[in-house]
Amino acid sequence: MSKRGNKIRVECSVNGRAVALEAYPMARLLDVLREQCGLTGTKEGCGEGECGACSVEIDGTLVNSCLVPVLQVNGAAISTIEGMAHGERLAKIQQAFITHGGAQCGICTPGMILAAANLLARYPNPSEAQIREGLAGNLCRCTGYIKIFESVVAACRAGEPPA
Amino acid sequence: MKQTRIIGTSVPRKEGRAKVTGRAQYVDDIALPGMIHGATVRNSVARGRILGIHFEGEIPWKEFTIVTAKDIPGKNCIALLIEDQPCLADGVVNHPEEPVVLLAHPDKYLLEEARRAVRIEIEPLPGVFTIDDSLARKQIIWGKDNIFKSFLVEKGDVDSAWASAARIVEGEYETGAQEQLYIEPQGMIAQANAAEGVTVWGSLQCPYYAHKALVGVFGLPMDRIRVVQTETGGGFGGKEEYPSMIACHAALLAWKSGKPVKLIYDRAEDMAATTKRHPSRTRHRTAVAADGKLLAMEIDFTLDGGAYQTLSPVVLSRGTIHAAGPYNCANVRIRSRAVATNAPPHGAFRGFGAPQSVFALERHLDRVAQAIGLEPDEFRRRNFIREGQTLAVSQPVREKVDMPRLMDHAFELSRYREKRRRFDAENSASEIKKGIGFASFLHGAGFTGSGEEHLASEVAAEATREGRVHIMAASTEMGQGTNTIFSQIAAEALGLDPHQIEILQPDTAAVPNSGPTVASRTAMIVGKLVESAAHSLQQKLIQGGFLKPGYPAEDFPEACRRYIQKTGPLEAFIKYEHPTDLHWDDHNYRGDAYGAYAWAVYVAEVSVDTRTAEVRVDDFVAVQEVGKVINPVLAAGQIEGGVAQGIGFALYENVVWHEGRMVNGQMTNYIMPTSMDVPPIRVHFEEIPYARGPAGAKGIGELPLDGTAPAIANAVAHATGREITRLPITAEALLEMLEAHV
């Protein structure tokens with residue numbers, strides 16, 4: 001009946017832990033993370049790679065996990081929002097989002113924080129243009145982005161690594 | 001201004017930590033044991049008779065739970081103002097995307113295949129798709145005359161004013177639909193059976209609206225229906241009324257299947273089927289004296305309501321009352337109506353009718369100013385309303401209002417005058433034309449007229465033995481900051497820290513009905529009830545001798561423990577009491593429309609590339625008087641976010657219709673502002689405390705949607721010299737105007 005083929009085994013690491021996944025090859029990484037790994041911090045906003053709510057890192061590259069078939073992540077290292085804090089100690093960028101009003105409804109926040117952290121890993125002291133461009137793939141309907149920019153600036157101000 | 005300790009400080013967002021760690025539980029993050037998935041089968045034509053429903057394809061239909069109108073145990077309608085919208089279409093359909101069949105199955109991939117394999121056989125009937133066709137009654141598609149509601153506001157004598165006018169200026173303005181585009185699509189989880197009743201969990205603004213709809217659909221007593229709000233990823237009005245529909249659908253599937261059902265819309269379904277901002281058309285006829293004084297304003301305001309009435313009467317009401325703005329004019333007539341078309345019903349969206357009528361007014365007044373040879377700001381200054389004068393609905397302004405001061409401040413921050421002159425001088429030499437424009441406006445907080453009196457909102461508070469205070473209200477957090485400001489208000493009143501205050505999850509089984517989370521009413525109206533509830537707890541402790549006035553915070557827990565031990569539960573229950581000096585005449589649409597208004601002047605600076613007709617907003621200044629600001633970071637965030645939505649409304653967000661159907665219902669072709677599109681947004685608050693708001697606060701949420709688009713439109717008109725009369729000002733539309741000879 002199903003047009004989905006047979007499930008395959010995919011081995012990868014998620015937030016530093018080795019996992020073995022059984023999934024249909026074209027299953028979206030987004031669904032596998034949420035449903036099999038229980039990592040519901042990765043959100044679905046549009047399902048077509050426009051909004052960035054499902055952003056995760058694969059081997060250090062920021063991707064929209066709704067556009068990644070799970071077969072592509074065999075052997076890869078995946079990072080999600082759940083891997084950002086060190087236990088109860090928030091990453092600097094997470095704290096900055098709280099302090100500076102970067103999160104309102106919170107649905108874009110996990111993806112936005114991953115995008116911000118990815119940006120700061122590339123540009124520890126980004127210019128305004130770099131911040132705007134670095135976050136351009138992540139849509140936020142609540143903040144008008146201003147407080148997100150301020151959060152990013154605040155996170156790098158002390159010159160410490162963002163995460 | 002009274003000194004405050006917690007109010008006026010940027011206390012961090014209460015649920016911030018859960019949100020930045022990904023732990024916050026939105027509806028799609030929740031799984032119940034044995035839960036299956038639900039889907040909605042929708043009709044594709046605008047209007048017709050249902051001839052049959054066919055279950056086709058190689059689908060194991062026996063495995064599916066299938067619900068149609070005949071499975072509804074109670075009434076087949078989503079109860080709101082009236083009961084005209086069916087829960088599931090039965091016999092006829094009146095708009096595309098109308099729900100007809102519900103399906104549920106454990107495998108959501110198979111479910112999607114099944115959804116596509118249901119064929120709804122329809123005999124099409126001619127539809128109505130424009131305001132003009134609806135008014136002309138080309139087809140009667142609703143009631144006797146296609147009119148959901150109409151209003152007439154009259155002040156003075158408009159008809160006798162025309163003769164003495166130095167100039168009479170007419171204009172017609174239109175705005176398109178706008179999608180709320182909260183990033184979390186709509187969804188619900190339901191559990192329902194005869195023994196336990198119905199429980200739904202979901203993304204929504206108004207738990208008691210869904211509760212009312214479920215009571216009707218299931219025909220169950222109120223205490224057998226329970227609605228719980230989960231973390232909500234944005235609403236903006238889009239989750240005001242439509243969630244009631246999804247709640248009923250999920251609950252019907254759960255009722256029939258005997259299993260918990262999760263019904264989550266994907267983005268395409270959400271954009272196609274749920275509500276949008278009402279498209280509008282406004283006609284103005286304005287008489288001015290030689291000295292620039294407004295003599296008469298005649299305004300004709302029409303909203304396209306879509307196929308069912310839903311909230312159109314109240315959206316129309318707010319749009320009507322705001323249509324004449326913060327100006328003093330002795331003679332005003334506003335006629336308005338909301339009409340039916342065969343499109344999905346339009347609904348609540350931040351601003352609620354006012355962004356449409358304020359756009360028309362503020363664009364029109366720039367044109368009136370030009371006609372009489374005054375600068376647009378000088379013309380406004382000569383007509384700004386002052387304390388003691390009356391608004392269009394004959395409401396005397398009792399607040400201290402100083403529009404000229406707001407304008408001065410906004411102009412100073414934006415360097416309006418200098419830039420206006422400079423752009424005028426420099427534009428001719430450049431293919432990039434610069435413009436600067438503004439809008440001055442007001443926004444009423446709370447339900448209109450006698451609305452708050454009828455709502456009679458309730459809030460409860462309870463202190464625990466440990467000295468923690470629980471606030472119980474149905475007011476929802478959807479990103480705008482309800483949890484945080486309620487905890488600040490209660491903490492301020494009780495002399496505690498905000499972390500000692502807990503805001504209970506909105507759950508109709510556990511919290512009283514504090515009304516819907518809409519209409520810029522949460523801070524001002526419900527916040528005041530929270531303050532009163534906190535004061536009531538405090539009074540009980542002080543009057544019982546458990547605390548001394550001026551007590552230190554550390555004495556509070558011990559006092560609570562002793563009170564509860566000796567007297568029993570320490571709780572307070574507060575009900576809204578309408579101020580006796582506010583009067584509203586619903587029949588003549590006259591009186592105190594709102595307890596308080598926020599007042600504002602917004603300035604936009606734009607560049608128009610005349611080769612591509614692309615408009616960029618280069619700078620934005622938002623100056624407003626909103627009473628006491630409870631939390632500066634959250635308040636500024638409200639304004640900035642609203643301005644960004646207003647930029648989308650002004651320039652990008654274009655719903656393309658074909659026979660009642662949105663044909664660009666994706667984020668790839670319905671364009672909202674990104675981080676690349678927003679200018680610096682400089683927000684400034686003037687604070688004049690409002691005696692009836694908590695610590696002096698007024699409403700703020702909707703305000704920024706009213707003034708942003710007209711400020712931008714006026715700036716584009718300044719840059720290009722073209723008559724901008726329609727939103728959105730897409731590059732395509734502007735290019736046509738630039739190429740036309742003037």
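Coordinate-derived values only; no laboratory data. These numbers were taken from a predicted model, which means no experiment stands behind them. Note that each Cβ is placed from the backbone with ideal geometry, even for glycine, and that neighbours are counted across all protein chains shown.
Using 0.36 nm per residue and subtracting the Cα-Cα separation, the extra length available between B:E121 and B:L152 on full extension is 6.9 nm. Summarising the amide proton neighbourhood of B:L727: residues at separation of 5 or more, or on other chains, whose placed amide H is nearer than 5 Å comprise B:E174, B:T175, B:G176. Separation of the alpha carbons by more than 18 angstrom is noted, of B:K528/B:K628; B:K212/B:K575; B:K212/B:K259; B:K149/B:K698; B:K70/B:K239, for B:K212/B:K575; B:K212/B:K259; B:K149/B:K698; B:K70/B:K239. Going from the residue with the fewest nearby Cβ atoms within 10 Å to the one with the most, B:H95, B:H658 rank B:H658, B:H95.
Note on B:A330 and A:I8: with the Förster distance fixed at 45 Å, the Cβ-Cβ geometry gives a FRET efficiency of about 0.05. Scalar couplings 3J(HN,Hα) for region B:725-740, obtained by applying the Karplus form with A = 6.51, B = -1.76, C = 1.60 to θ = phi - 60°, are 10, 9, 10, x, 8, 6, 4, 4, 5, 5, 4, 4, 5, 5, 7, 6 Hz; x denotes Gly and Pro.
Residues whose amide H lies under 5 Å from that of B:A24, counting only those 5 or more places away or on a different chain, are B:K19; hydrogens are built 1.01 Å from N in the peptide plane.
Taking amide H atoms as placed 1.01 Å from N in the peptide plane, the amide H of B:N664 lies under 5 Å from those of B:V656, each 5 or more residues away in sequence or on another chain. Residue exposure proxy: B:S430, B:S317, B:S280, ordered by other Cβ atoms within 10 angstrom of their Cβ from fewest to most, comes out as B:S430, B:S317, B:S280. Of all lysines in the structure, the ones whose alpha carbon falls short of 30 Å from that of A:K92, not counting any fewer than 8 places away in one chain, are A:K43, A:K147, B:K14, B:K19. Per-residue ellipticity at 222 nm, computed for chain A from helices alone with -39500 (n - 2.57) per DSSP H run of at least four residues, works out to -7500 deg cm²/dmol.
For chain A, a simple Cβ point-charge model (Lys and Arg +1, Asp and Glu -1, everything else neutral) yields a dipole of about 140 debye relative to the Cα centre. In loop segments of region B:619-723 as defined by DSSP, there are no chymotrypsin sites (Phe, Trp or Tyr not before Pro) with at most 13 further C-beta atoms inside 10 Å of their C-beta. Basic side chains Lys and Arg get +1 at the Cβ, acidic Asp and Glu get -1 at the Cβ, and with that the dipole of chain B about its Cα centre reaches some 920 debye.
Modelled this way, with points 7 Å down the Cα-to-C-beta line, the labels at B:A31 and B:A733 are 4.6 nm from one another. Charges were assigned to the Cβ only: +1 to each Lys and Arg, -1 to each Asp and Glu. The resulting dipole of the protein assembly as shown about its Cα centre is roughly 860 debye.
Between rounded, prolate and oblate, where does region B:165-204 land on the alpha carbon gyration tensor, with a ≥ b ≥ c its root eigenvalues, rounded for a/c under 1.5, else prolate if a/b exceeds b/c?
prolate
Annotation for region A:59-163: GluC sites (Glu not before Pro) lying in DSSP loop with at most 16 further Cβ atoms inside 10 Å of their Cβ are A:E88.
Legend: calculated FRET efficiency, B:Y109 to B:E399, from the Cβ-Cβ distance at R0 = 56 Å, rounded to 0.05, equals 0.45. Applying 1/(1 + (r/R0)^6) with R0 = 45 Å to the Cβ-Cβ distance of B:H54 and B:D145 gives a FRET efficiency near 0.80. Pull out a ≥ b ≥ c, the square roots of the eigenvalues of the alpha-carbon gyration tensor of chain B, then state rounded if a/c is under 1.5, prolate if not and a/b is larger than b/c, and oblate in the remaining case. Oblate shape, in that a/c is at least 1.5 and b/c is the bigger or equal ratio. The alpha-carbon of B:K2 sits under 14 angstrom from the alpha-carbons of these aspartates and glutamates, leaving out residues fewer than 8 places away in its chain: B:E492, B:E687. Between B:V92 and A:R89, the simple spin-label model (points 7 angstrom out along Cα→Cβ) gives 6.8 nm.
According to the square roots a ≥ b ≥ c of the eigenvalues of the Cα gyration tensor, what is the shape class of the protein assembly as shown, taking rounded for a/c under 1.5, prolate for a/b larger than b/c otherwise, and oblate for the remainder? Walk me through the numbers on the way to the answer.
Working: a/c = 1.29, a/b = 1.18, b/c = 1.09.
Rounded is the answer for the protein assembly as shown, as its axis ratio a/c remains below 1.5.
For region B:276-370, the orientation-averaged shadow of the C-alpha convex hull comes to 5.8 nm² (one quarter of the hull surface). Please give me the summed charge of the neighbours of A:A117: other residues whose Cβ is under 12 Å from its Cβ, Lys and Arg +1, Asp and Glu -1. Net local charge, A:A117 excluded: +1.
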